[in-house]
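A.B. asks: I have a structure I would like to understand better, so I am pasting it below and will then ask my questions one at a time.
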Amino acid sequence: MTVQGRTVVVIGAGVAGLAAARRLAAAGATVTLLERCPVVGGRVRTELVEGCRVELGAEFLASFYSRTLALVRELGLADELRRIPRSAATLRNGRLYALWPNATVALTPLVSPRHKFALSYLLGSLARYAPLLDIHAFHKASPIDDASVTAYARAHLSDDLLEYVIQPPLSGIFYWVPERTSRALLLLVLRAGLSQPAGMRLFTLSRGLGQLAAALASGQDVRLGAEVEAVVPAAGGGYSVHARSGGGAMALAADAVVVATTASAVPQLLPWLDADRRAFFNAVRYSTTTTLAVGTRGRLPRVTYGLLFPRRETPFLASATVQTVKDPSSAPRGRDVICLHLSGPATAALRDYDNDTLARLMLADLRRLAPRFDPLPQQLFQHLYRCGEALPEFEVGHFRRLQRFARGEIELPHLAFAGDYLGGPFIEGAIVSGEAAAERVIARLASKAA
Ligand SMILES: Cc1cc2nc3c(=O)[nH]c(=O)nc-3n(C[C@H](O)[C@H](O)[C@H](O)COP(=O)(O)OP(=O)(O)OC[C@H]3O[C@@H](n4cnc5c(N)ncnc54)[C@H](O)[C@@H]3O)c2cc1C
């Protein structure tokens with residue numbers, strides 16, 4: 001199918017928008033990407049701080065990201081993939097327990113045999129609902145979008161499993177709380193992870209995940225610092241896209257538009273959308289987090305890459321990652337970086353605290369919880385980043401919204417949407433949704449041309 005000579009504007013150069021633009025350009029469209037930030041990548045962003053790599057957003061790719069890993073190969077980055085050698089641990093009464101993503105959870109003394117026995121119910125659910133659990137089609141899980149993770153765990157598992165095995169990864173990776181997460185999401189992610197024949201593995205890229213965004217953007221017409229203010233239907237069909245760039249205004253005419261921003265930005269960009277569609281986008285909520293990156297002289301303990309803190313042990317920190325365990329080359333010899341992430345509820349409760357106070361509080365919490373990882377004695381630098389929209393919440397009801405989207409009730413002719421709130425709350429979901437949005441635009445433009 002070709003759309004040679006047709007013009008498409010993609011709004012947002014996160015990985016969803018970049019993947020959409022790449023697919024559209026490959027089909028022959030003339031594509032312009034408009035990005036309000038001075039860099040591409042959105043929530044995938046690697047920064048160099050005093051010679052150390054710091055991930056401000058996504059930290060890893062998982063082995064079940066089949067489309068992302070294929071794209072990594074297509075982009076010539078296969079040799080840049082680095083396996084993350086030691087995965088995650090959680091904490092109970094000051095002791096670390098290996099938790100995830102391997103099967104050691106079945107042997108762990110973290111919870112008692114009685115509680116572990118309850119895991120068999122979870123395995124039963126995974127088997128029973130297997131046909132609904134498609135990581136590339138979240139909407140299929142809408143029949144089991146009927147209870148929160150907490151309600152499901154309290155009814156069928158145990159409080160200990162909820163608080164020490166399920167909640168730490170949910171909150172440490174997605175910054176969600178189980179009360180506001182659908183059990184459909186839990187089962188989807190568990191199935192994806194457990195279906196890996198060699199067990200789930202994690203990867204990064206040799207220059208950080210920003211390398212993926214940069215490679216996707218390479219050769220594309222990306223206008224950085226171009227903030228779109230409105231998309232207006234044009235009289236003769238197509239759309240007029242109005243943006244601000246470098247203090248001036250610009251308007252681009254397009255046969256089709258892909259809006260690849262977060263859901264919350266959509267109603268403002270398209271003020272003429274009807275109430276039903278506006279409600280669809282307004283309903284998507286995002287978790288929040290604050291990241292504190294601390295550089296050290298000397299290397300931190302190498303026992304684990306990620307520490308996932310149960311809320312029973314602390315209301316503040318959700319997780320911490322040791323960057324040179326992830327990839328020894330991420331910091332110069334004899335240096336290291338630890339990234340601390342504040343939990344979603346703590347970020348909301350402490351949002352008025354200034355950066356210094358927040359950083360002090362986070363470091364004091366780490367010292368109390370896991371003193372071996374305290375970077376302070378040899379601290380080199382610290383930077384604090386606030387993330388107002390971290391991950392879209394896949395709460396009860398969101399899967400039913402996705403089903404409406406899949407039925408075609410939300411998009412308009414030649415206007416498509418992409419992003420992790422549609423495809424899944426990780427890089428794979430964003431990329432798959434971007435490519436799918438491009439395919440829908442290509443099909444509609446090609447059928448009009450025929
Ligand atoms: C702290 C954190 C840790 C994470 N860890 C992981 C991880 O380890 N692994 C993983 O797979 N995923 C992780 N994620 C999730 C992953 O980063 C996201 O799912 C993914 O990057 C979302 O991509 P996207 O393109 O949908 O959205 P975004 O990356 O948010 O892209 C949207 C883009 O639109 C732009 N934009 C918005 N409004 C406008 C406008 N008006 N005009 C022009 N441009 C606009 C934004 O600037 C942005 O660049 C993490 C996220 C966060 C925040």
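A.B. asks: From the residues in segment 32-58 that are surrounded by fewer than 23 Cβ atoms within 10 Å (Cβ to Cβ) and acidic (Asp, Glu), which one is farthest from residue 88 (Cα to Cα)?
C.D. replies: Among those residues, the one meeting the criterion is 50.
For every residue, the table says whether it meets (1) outside the structural domain of residue 405 (by TED's automatic domain parsing); (2) surrounded by fewer than 19 Cβ atoms within 10 Å (Cβ to Cβ); (3) farther than 30 Å from residue 92 by Cβ.
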position: 168; (1), (2), (3): yes, no, no
position: 189; (1), (2), (3): yes, no, no
position: 248; (1), (2), (3): no, yes, yes
position: 258; (1), (2), (3): no, no, yes
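A.B. asks: Continuing with this model, one more query. Condition test on residue 267, is it in a loop (DSSP other than H, G, I, E, B), surrounded by fewer than 24 Cβ atoms within 10 Å (Cβ to Cβ) and either within 25 Å of the chain's Cα centre (by Cα) or at pLDDT 95 or above (or both)? Let's see the steps before the verdict.
C.D. replies: Working: in a loop (DSSP other than H, G, I, E, B): no; surrounded by fewer than 24 Cβ atoms within 10 Å (Cβ to Cβ): yes; either within 25 Å of the chain's Cα centre (by Cα) or at pLDDT 95 or above (or both): yes.
No: the conditions fail for residue 267.
A.B. asks: Taking strands (runs of 3 or more DSSP E) that do not extend beyond segment 215-256, which have at least 3 residues that are away from the ligand (no atom under 12 Å from the Cβ) and free of Cβ contacts under 8 Å to residues at least 40 places away in the same chain?
C.D. replies: Output list reads 248-254.
A.B. asks: Can you tell me which condition residue 140 does not meet? The list is (1) part of a helix (DSSP H, G or I); (2) out of contact with any Pro (no Cβ under 9 Å at 6 or more places or on another chain), and all the others hold.
C.D. replies: (2)
A.B. asks: Could you give every pair whose Cβ atoms fall below 7 Å, whose first residue belongs to segment 51-73 and is near the ligand (Cβ under 7 Å from one of its atoms) and among the polar types (S, T, N, Q), and whose second residue is modelled with pLDDT of 95 or more and assigned to a strand (DSSP E or B), counting only separations of at least 6 or pairs across chains?
C.D. replies: Between residues of segment 51-73 that are near the ligand (Cβ under 7 Å from one of its atoms) and among the polar types (S, T, N, Q) and residues that are modelled with pLDDT of 95 or more and assigned to a strand (DSSP E or B), there is no close pair.
A.B. asks: Right, something else. Could you list all residues from segment 412-450 that are within 16 Å of the ligand (Cβ to nearest atom) and in a loop (DSSP other than H, G, I, E, B)?
C.D. replies: Selection gives 418, 419, 424, 425, 426.
A.B. asks: Among the residues of segment 148-173, write down those that are among the small types (Gly, Ala, Ser) and closer than 15 Å to residue 393 by Cβ.
C.D. replies: 148, 171
A.B. asks: A further question follows. Of these, 91, 18, 61, which one is surrounded by 21 or more Cβ atoms within 10 Å (Cβ to Cβ) and either among the acidic types (Asp, Glu) or in the same structural domain as residue 440 (by TED's automatic domain parsing) (or both)? Steps first, please.
C.D. replies: Numbers: 91 fails: either among the acidic types (Asp, Glu) or in the same structural domain as residue 440 (by TED's automatic domain parsing) (or both); 61 fails: either among the acidic types (Asp, Glu) or in the same structural domain as residue 440 (by TED's automatic domain parsing) (or both).
Going through 91, 18, 61 in turn, just one is surrounded by 21 or more Cβ atoms within 10 Å (Cβ to Cβ) and either among the acidic types (Asp, Glu) or in the same structural domain as residue 440 (by TED's automatic domain parsing) (or both): 18.
A.B. asks: Test residue 406 against the criterion of being within 16 Å of the ligand (Cβ to nearest atom) and at negative phi, and give yes or no. Even if it seems obvious, please write down each step before you answer.
C.D. replies: Values: within 16 Å of the ligand (Cβ to nearest atom): no; at negative phi: yes.
Criteria not met by residue 406.
A.B. asks: Is there a residue being in contact with a Leu (Cβ under 9 Å, 6 or more places away or on another chain) and free of Cβ contacts under 8 Å to residues at least 60 places away in the same chain anywhere in segment 426-439?
C.D. replies: Yes; the residues of segment 426-439 include at least one that is in contact with a Leu (Cβ under 9 Å, 6 or more places away or on another chain) and free of Cβ contacts under 8 Å to residues at least 60 places away in the same chain.
A.B. asks: Can you name the number of the only condition in (1) within 16 Å of the ligand (Cβ to nearest atom); (2) free of Cβ contacts under 8 Å to residues at least 12 places away in the same chain that residue 24 fails?
C.D. replies: So the condition that residue 24 fails would be (2).
A.B. asks: Restricting the first residue to segment 384-412 and requiring it to be under 24 Å from residue 270 (Cβ atoms) and among the aromatic types (Phe, Trp, Tyr), which pairs with a second residue that is within 16 Å of the ligand (Cβ to nearest atom) and assigned to a helix (DSSP H, G or I) meet a Cβ separation below 7 Å and a spacing of at least six or different chains?
C.D. replies: Pairs found: 394/185; 399/138; 405/422.
A.B. asks: Ok, one more. Of everything in segment 318-334 that's in a helix (DSSP H, G or I) and out of contact with any helix residue (DSSP H, G or I) (no Cβ under 8 Å at 6 or more places or on another chain), which residue is surrounded by the most Cβ atoms within 10 Å (Cβ to Cβ)?
C.D. replies: 326
A.B. asks: Listed residues 86, 82; which is within 16 Å of the ligand (Cβ to nearest atom), out of contact with any strand residue (DSSP E or B) (no Cβ under 7 Å at 6 or more places or on another chain) and farther than 25 Å from residue 256 by Cα?
C.D. replies: 86
A.B. asks: For segment 297-313, name all the residues that are among the hydrophobic types (A, V, I, L, M, F, W, C) and buried (at least 20 other Cβ atoms within 10 Å of the Cβ).
C.D. replies: Those that are among the hydrophobic types (A, V, I, L, M, F, W, C) and buried (at least 20 other Cβ atoms within 10 Å of the Cβ): 300, 307, 308, 309.
A.B. asks: Could you look through segment 271-296, keep only residues that are outside any strand (DSSP E or B) and within 11 Å of the ligand (Cβ to nearest atom), and pick out the one that is surrounded by the most Cβ atoms within 10 Å (Cβ to Cβ)?
C.D. replies: Let us first name the residues in segment 271-296 that are outside any strand (DSSP E or B), namely 271-285, 287-288.
So of that shortlist, the ones also within 11 Å of the ligand (Cβ to nearest atom) come out as 287-288.
Working: 287: 24, 288: 20.
Only one residue fits best here, namely 287.
A.B. asks: Restricting the search to segment 297-315, which residues are assigned to a loop (DSSP other than H, G, I, E, B) and away from the ligand (no atom under 16 Å from the Cβ)?
C.D. replies: Filtering segment 297-315 for residues assigned to a loop (DSSP other than H, G, I, E, B) gives 298-305, 309-315.
Listed by number, the residues that qualify are 298, 299, 300, 301, 302, 303, 310, 311, 312, 313, 314, 315.
A.B. asks: If residue 16 satisfies every condition in (1) assigned to a loop (DSSP other than H, G, I, E, B); (2) near the ligand (Cβ under 10 Å from one of its atoms); (3) of a type in the set (Gly, Ala, Ser) but one, which is the exception?
C.D. replies: Status for residue 16: all satisfied but (1).
A.B. asks: Which one of these is over 21 Å from the mean Cα position of the chain (by Cα), closer than 30 Å to residue 269 by Cα and either basic (Lys, Arg) or surrounded by fewer than 23 Cβ atoms within 10 Å (Cβ to Cβ) (or both): 78, 25, 98, 29?
C.D. replies: Checking each option against the conditions leaves just 25.
A.B. asks: Residue 43: in a loop (DSSP other than H, G, I, E, B) and within 11 Å of the ligand (Cβ to nearest atom), yes or no?
C.D. replies: yes
The values are calculated or read from the model by the stated rules, or taken from the named source; none is laboratory data. Here the structure is a predicted model, which is why all the values come from computation and not from measurement. Here Cβ is always computed from backbone atoms with ideal geometry, including for glycine, and neighbour counts include all displayed protein chains.
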